[in-house]
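The values are calculated or read from the model by the stated rules, or taken from the named source; none is laboratory data. Keep in mind that this is a model prediction, so the values were computed, not measured. Note that each Cβ is placed from the backbone with ideal geometry, even for glycine, and that neighbours are counted across all protein chains shown.
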Amino acid sequence: MMNRLDDHDILADCLEDAKWGSSSYHMAIMEAANEPVRNTLLQLHNDELMLQKNIFEMMHQRGLYPVEPAARTATQQQTQTAFRQDQGYQPYGATGYANPQGTHQSMYQANQGPQQNMNPNANMGNQQQS
Amino acid sequence: MHHFTGMSQAEKLAITELIRHENLCAKKCSIYKEQVQDPQIKSALGQMQNIKQQHSNTLGSMLQQAGLSGGGTQTV
């Protein structure tokens with residue numbers, strides 16, 4: 001019968017519901033101003049994620065949700081491009097923002113820069129003189 | 001007991017929408033579990049229905065404890 005939902009349709013709809021529900025809980029948590037409300041929503045969101053995982057696994061085990069590995073050529077290209085970008089990446093050029101110790105900085109710390117370079121007019125004065 | 005006093009309008013709207021979603025999901029699980037052929041999926045749908053109903057009750061009691069009468073929003 002054409003109009004009847006089979007097991008695949010039913011699981012696919014449940015999976016869509018779990019995805020939508022998870023997004024809705026996420027947005028609600030982001031809007032939560034009160035800690036008890038936020039904590040309760042977090043618990044329910046976690047349940048929703050577990051449901052999504054269970055549904056996905058049921059589908060995957062039955063071959064209803066095949067997962068293909070990433071195409072090797074595309075992966076290699078992306079890795080090489082990312083590597084090249086990483087090699088050439090010098091935040092704010094080479095003037096004063098490099099970390100002399102060579103230790104890792106978070107992006108936030110890197111963007112803050114050293115204290116002596118916080119004044120944006122300092123470099124401008126140098127550029128005018130040269 | 002009133003842990004959820006001072007709930008914001010944004011929180012109330014989000015929770016109301018979530019109750020609607022959870023109730024609809026519980027109703028669908030109840031219908032779906034009678035249609036599926038696979039007994040394991042049938043059992044999982046029964047469990048999901050219970051979880052969805054519990055979620056709806058939890059969300060509804062949050063509104064009630066905040067003095068925002070969640071009882072009326074639980075009906076689909």
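Results, tabulated for the structure shown:
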item	result
Meets criteria (more than 9 Å from the chain's Cα centre (by Cα), modelled with pLDDT of 95 or more and not aliphatic (A, V, I, L, M)) for B:Lys12	yes
Yes/no for B:Thr16 being in a helix (DSSP H, G or I), out of contact with any strand residue (DSSP E or B) (no Cβ under 7 Å at 6 or more places or on another chain) and more than 9 Å from chain A (Cβ to nearest Cβ)	yes
Filter result for the condition that a residue is among the β-branched types (Val, Ile, Thr), free of Cβ contacts under 8 Å to residues at least 24 places away in the same chain, at the interface with chain A (Cβ under 7 Å from one of its Cβ atoms) and farther than 17 Å from A:His45 by Cβ, over B:Ile41, B:Ile31	B:Ile41
Boolean, A:Pro66 is more than 23 Å from B:Ala26 (Cα to Cα) and more than 9 Å from chain B (Cβ to nearest Cβ)	yes
From B:Thr58, B:Thr73, residue being modelled with pLDDT under 95 and assigned to a helix (DSSP H, G or I)	B:Thr73
Residue match in the range A:91-101 (condition: in a loop (DSSP other than H, G, I, E, B), modelled with pLDDT under 65, over 21 Å from the mean Cα position of the chain (by Cα) and among the hydrophobic types (A, V, I, L, M, F, W, C))	yes
Test: residue in the range B:54-62 that is more than 29 Å from A:Glu57 (Cα to Cα) and buried (at least 19 other Cβ atoms within 10 Å of the Cβ)	yes
Cβ pairs under 8 Å, 6+ apart, first in the range A:55-78 and within 30 Å of A:Asp7 (Cβ to Cβ), second at pLDDT 80 or above and loosely packed, with under 10 Cβ neighbours inside 10 Å	A:His60/A:Pro66; A:His60/A:Val67
Flag if A:Thr73 is more than 10 Å from every other protein chain (Cβ to nearest Cβ) and among the β-branched types (Val, Ile, Thr)	yes
